[in-house]
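*Asks:* This is the structure, below, for whatever I ask next.
The values are calculated or read from the model by the stated rules, or taken from the named source; none is laboratory data. This structure is a prediction, so every number in the text was calculated from the model and none was measured. Virtual Cβ from ideal backbone geometry, glycine too; neighbours counted across all protein chains shown. Each accessible area value is taken on the protein alone, full model and side chains, heavy atoms only, with ligands, DNA and RNA left out. Shrake-Rupley method; radii C 1.70, N 1.55, O 1.52, S 1.80 Å.
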Amino acid sequence: MPEGSFAAAGIGCHGMAAYIRPKGLMFSQMGGEGITWVGLSNFTDTPHVFQNLGDGTYYHSGLMAIRAAVAANTNITYKILYNDAVSMTGGQPVDGPLSVGDVTHQVIHEGVRRCVVVSDTPEAYGAASGLASGVEVYHRDDLEQVQLELREHKGCTVLIYEQTCAAEKRRRRKRGSFPDPQKRAFINDAVCEGCGDCSVQANCVSIMPKETELGRKRAIDQSSCNKDFSCVKGFCPSFVTVHGGQPRKPKKAELDDRIFDSLPPVTPLSLQESNYAVMVSGIGGTGVVTVTAVLGMAAHLEGRASSIYDMTGMAQKNGAVLSHLRIAESQHQLKAARLGVGDADLVLGFDIVAALSKDAFQTLEQGKTRFIGNSRVTPTASFQSQPDVSLEEKRLERQVIDVLGQDAVHFLDATGIGLALMGDSIATNMFMVGYAYQNGSLPVGAEAIERAIELNGVAIPFNIRAFRLGRLWAWQPEALTPYLNTMAVVDSFQPETDLDAIVAHRIQLLTDYQDASYAKRYEALVTKVRQAEWDLKESSLQ
């Protein structure tokens, strides 16, 4: 957003900007975008605002708001995000025939003073693109300059920003229905200085913190990277782009299936006259809803009743997913689908930040709730604007323990273990289901759970194996520890604190970087400072 400008959020993706951008004004109801400014603009010295508006909302009722702003001759620029999907609620197509050309004709005929298109592929808008007469097309790199120009126009203007939703890009590439550039960006952490400029350029949740002996650096999560490559536009020598290659997947452990033969049977929890309530909390894209559906199907296969209430919210954008699951002997015992205060018998915290959100955390009850959580913390979107924010895994865990007590809480690095044993972090959630089952925290049997996995029809052997590995980890973790890749299973990075060890590490680093002579210069300086501090301490004691 240009310096000195204000932007109002719209319903959808834009709403999140209001939470993390200091100049973002809160959103209104669908179809009311910009209308508050129509009235307010007459009573303030602020000459102009930008109003974000998604293409789905535009087709639903947003055009009416633009019509009102034109009629009132309000100084406002509507930034219409044409991203080709209703991505906040699952990636559905926009409800109606709509193209960028259609939008330009509509807004021009409504009387907007100027309409422009900004795209990452401006070359696609030739004579046959169907744009209205007089509409100019710019590359998205020119967005700042275009906004500055529109800000000075009197009356209502429209900027159509055309770019496919990043979440939809990944989904369609998996289906083979969207171009997949044979190019990937990586960050060389030996060069990275952790300045966070890549986040300033891209504001992308795929940019992750990487803790090292030399401080926090950056890394790109290749599994969620949408190949936008905005992050490389900063002035940073640490980026490396690889053309034509694919990331190496971690090797999975070579385990003989006979290792599961010794698993002891578990008697599922008795439901008696009440229902059993499970809060499943995680983030979008990791299979939270699928896990809940599998457990609900397992209950059905055993002749029980179940209800599922999924709260996906901002899941499309790496946000929280909460699934409320109830299992009972009969339908009339289920009660309300949504779990209320103190309702949870079990919380599966696939993501601890999501598990600590208000709707999930309020379901905990001391003396009743068991908590099984993943100790690996996934950074939230706030990391992009606060690069030095502390993740403080142990503090997050302590919040749960303070409520429930140590005996009712089990934390394990499910992400690291799943990655080490299965070669893919997507094993995390089903691994934790196996752990919960063997721990005696589920009211359904292993046979029913595995049959439900088969009926789901996706990655059947992989998910059954992850489930069994979770069971084995709960019963006999020492049987699996020899197979763990220690680089993958890390509760939290702990930098070296012993001075001699720190100096030895730096000496080796400088030797490898240049030569032993260069490292000696460093060692001599440290020795000199150390001696000076020691002499100062001695003199203060005399």
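*Asks:* With a cap of 14 neighbouring Cβ atoms within 10 Å, and only residues DSSP puts in a loop, list the GluC sites (Glu not before Pro) found in region 396-503.
*Replies:* Glu496
*Asks:* For Arg376, list long-range residues whose amide hydrogen, built 1.01 Å from N in the peptide plane, is under 5 Å from its own amide hydrogen.
*Replies:* Ala414, Thr415
*Asks:* Could you size up the charge dipole of the chain around its Cα centre, putting +1 on the beta carbon of Lys and Arg and -1 on that of Asp and Glu, and report it in debye to the nearest 20?
*Replies:* The calculated dipole for the chain is roughly 660 debye.
*Asks:* In Å², and per residue, what accessible area does region 252-305 have when probed at 1.4 Å with the other protein chains present?
*Replies:* Per residue, region 252-305 has an accessible area of 49 Å².
*Asks:* Scan [x] 26.9; [y] 28.7; [z] 34.0 for the value of mean projected area of the Cα convex hull in nm² calculated from this model and give just the label.
*Replies:* Step by step, mean projected area of the Cα convex hull in nm² for this structure corresponds to label [z].
*Asks:* Grab the beta carbon distance between Glu523 and Asp257, set R0 = 56 Å, and tell me the FRET efficiency rounded to 0.05.
*Replies:* 0.60
*Asks:* Of the listed pairs Lys368/Lys394; Lys174/Lys335; Lys233/Lys520; Lys183/Lys394; Lys174/Lys252; Lys210/Lys368, which have alpha-carbon separations greater than 28 Å here?
*Replies:* Those over the limit are Lys174/Lys335; Lys233/Lys520; Lys183/Lys394; Lys210/Lys368.
*Asks:* Continuing with the same structure: Check each of the chymotrypsin sites (Phe, Trp or Tyr not before Pro) in region 160-261 and keep only those in coil by DSSP with at most 15 other C-beta atoms within 10 angstrom; list them in order.
*Replies:* Loop-located and lightly packed - Phe235.
*Asks:* Need one value: the accessible area of Lys520 in square angstrom, 1.4 angstrom probe, rounded to the nearest 10.
*Replies:* 130
*Asks:* OK, next. Compare the Cα positions of Ile352, Tyr58, Ile464 along the charge dipole of the chain (+1 at Cβ of Lys, Arg; -1 at Cβ of Asp, Glu; about the Cα centre) and return the one farthest towards the positive end.
*Replies:* Of the listed residues, the answer is Tyr58.
*Asks:* While we're on this one: Using Cα positions and a limit of under 20 Å, work out the aspartates and glutamates in reach of Lys358, with same-chain residues fewer than 8 apart set aside.
*Replies:* Cross-link targets: Asp310, Asp343, Asp345, Glu392, Glu393, Glu397, Asp402.
*Asks:* Need one number: nm distance between label points at Ala127 and Ser330, each 7 Å from Cα along Cα→Cβ, rounded to one decimal.
*Replies:* 7.6
*Asks:* Once label points are set 7 Å from the Cα along Cα→Cβ at both Ser99 and Asp180, what is their separation, rounded to one decimal in nm?
*Replies:* If labels sit at Ser99 and Asp180, their model points lie 2.9 nm apart.
*Asks:* Grab the other residues whose beta carbon is less than 15 angstrom from that of Val116, score K and R as +1, D and E as -1, and report the net.
*Replies:* Around Val116, the charge tally is -3.
*Asks:* For Lys154, list the lysines whose Cα falls under 22 Å from its own Cα; do not include residues on the same chain fewer than 8 positions away.
*Replies:* The qualifying lysines are Lys23, Lys79.
*Asks:* Could you give the dipole magnitude of region 79-191 about its Cα centre, charging the beta-carbon of Lys and Arg +1 and that of Asp and Glu -1, in debye to the nearest 20?
*Replies:* Charge dipole, region 79-191, about its Cα centre: 480 debye, nearest 20.
*Asks:* Let me ask you something else. Pop out the carbon and sulfur fraction of the accessible area of the chain as a percent, whole number, probe 1.4 Å.
*Replies:* About 53 percent, which is the carbon plus sulfur part of the accessible surface.
*Asks:* Then there's this: Take Asn42 and Gln514, extend 7 Å from each Cα along the Cα→Cβ direction, and tell me the distance between the two endpoints in nm.
*Replies:* In this crude label model, Asn42 to Gln514 measures out at 7.0 nm.
*Asks:* Which of Asn73, Tyr309, Ser238 sits farthest toward the positive end of the charge dipole of the chain, with +1 on the Cβ of Lys and Arg and -1 on the Cβ of Asp and Glu?
*Replies:* About the Cα centre, the residue reaching furthest to the positive side is Asn73.
*Asks:* Then there's this: What FRET efficiency would be calculated for the residue pair Glu149, Glu211, taking the C-beta separation as r and a Förster radius of 35 Å, to the nearest 0.05?
*Replies:* 0.20
*Asks:* Same structure again: Would you please give the residues with an amide H less than 5 Å from that of Arg370, counting only those at least 5 places away or on a separate chain, with H modeled from the backbone geometry?
*Replies:* Excluding prolines and chain starts, which carry no amide H, the hits are Leu346, Val347.
*Asks:* At a Förster radius of 30 Å, what calculated FRET efficiency corresponds to the Cβ-Cβ distance of Gln29 and Asp424, to the nearest 0.05?
*Replies:* It comes to 0.10.
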